[in-house]
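To start, the structure under review is shown below, and the notes come after it.
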Amino acid sequence: MQKLRIINILVVSLIIVLILANFWYRIPIDLYFIILVVYSFILFYGSYYIGSNFYLKTICSSTTLQKTIAISFDDGPVQNNTLEILQILKTENVKATFFCIGNRIAGNEEIVHKIIKEGHIIGNHSYSHHFWFSLFSVKKMKYELHQMDNELKRVVGFKPLLFRPPYGVTNPNLKKAVLSSNYITIGWSIRSMDTVIKNEKKLLNKICKQLKPGAIILFHDTSDTTLKVLPEFLKHVKSIGYSITPLDNLLKINPYE
């Protein structure tokens, strides 16, 4: 929010200067319009680029120089795909983080238990992942996050501290909701785009080209393409000397309350 405050002060100050200058010079009205357009673009960028830390402090990678990365899966748990991903991870002896949607836990309790039992982490990805989540009030956002917490506590008995915003969108309301419950907001440094890219080779190449020490990779366990490329990706990562570790190890944080 410090960045937002600075931008607001600069924009207001600039407009005041222009208004005062207008007494001596003719200031084109278009200049005010340009300032508003630029200001709107900055706010949009701050909202939709999670790594900007514009509204909310978000951890998107580790500063480590070691060839260590973490992988994460959003939007589960779902039948078939999540179970198959868990089997692949078990075969390759890899631990991951699953940012789960709360309303998908009921009916998939066995999958949730399996995720925890096999040494993976579960994070909060809201209760509904509603399309208009970013427009919710602070109160409604808090309710969504607490609903997800309650669902996980119902199944495994503890509350997640790691939170990933739906769609990666942040704003002042979300900041208030997150800070009120002491969540640690987690983003990513590599967005696989696996919900859009259906070509397996293209998806694999995209991810591998962006690999860096400390990277956090975003996958979706709802993506069939990810399911197909995951074994090859894990083998490739290991072949070039990288190790994959859970987020709590990579970031030195506690994932649960």
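Below is a table of values for the structure above.
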item: Considering residues of segment 89-111 that are under 16 Å from Pro246 (Cβ atoms) and β-branched (Val, Ile, Thr) only, the residue nearest to the chain's Cα centre (by Cα); result: Thr97
item: Residue in segment 110-127 that is modelled with pLDDT of 95 or more, touching a Leu at 6+ places or on another chain (Cβ under 8 Å), over 26 Å from Leu251 (Cα atoms) and not basic (Lys, Arg) present; result: no
item: Sole exception among (1) over 19 Å from His146 (Cβ atoms); (2) surrounded by fewer than 20 Cβ atoms within 10 Å (Cβ to Cβ) for Leu203, by number; result: (2)
item: Extreme residue, farthest from Asn173 (Cα to Cα), among residues of segment 103-141 that are part of a loop (DSSP other than H, G, I, E, B) and in contact (Cβ under 8 Å) with a residue 60 or more places away in the chain; result: Gly119
item: Hits in segment 185-196 - residues which are surrounded by 19 or more Cβ atoms within 10 Å (Cβ to Cβ) and among the aliphatic types (A, V, I, L, M); result: Ile186, Ile190
item: Segment 89-125 - residue that is β-branched (Val, Ile, Thr) and more than 13 Å from Ile71 (Cα to Cα) and, of those, surrounded by the most Cβ atoms within 10 Å (Cβ to Cβ); result: Ile115
item: Any hit, segment 187-198, residues being free of Cβ contacts under 8 Å to residues at least 60 places away in the same chain, assigned to a helix (DSSP H, G or I) and touching a helix residue (DSSP H, G or I) at 6+ places or on another chain (Cβ under 6 Å); result: no
item: Pairs with Cβ under 8 Å, 6+ apart, first in segment 38-49 and touching a residue at least 40 places away in the same chain (Cβ under 8 Å) and more than 17 Å from Ile15 (Cα to Cα), second of a type in the set (Val, Ile, Thr) and in a loop (DSSP other than H, G, I, E, B); result: Gly46/Thr170; Ser47/Val169; Ser47/Thr170; Tyr48/Val169
item: The listed residue being loosely packed, with under 15 Cβ neighbours inside 10 Å, more than 16 Å from the chain's Cα centre (by Cα) and at pLDDT below 95, out of Ser180, Ser239; result: Ser180
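The values are calculated or read from the model by the stated rules, or taken from the named source; none is laboratory data. Nothing here was measured: the structure is a model prediction, and the numbers come from that model. FYI the Cβ positions are ideal-geometry reconstructions off the backbone, even for glycines, and counts take in every protein chain you see.
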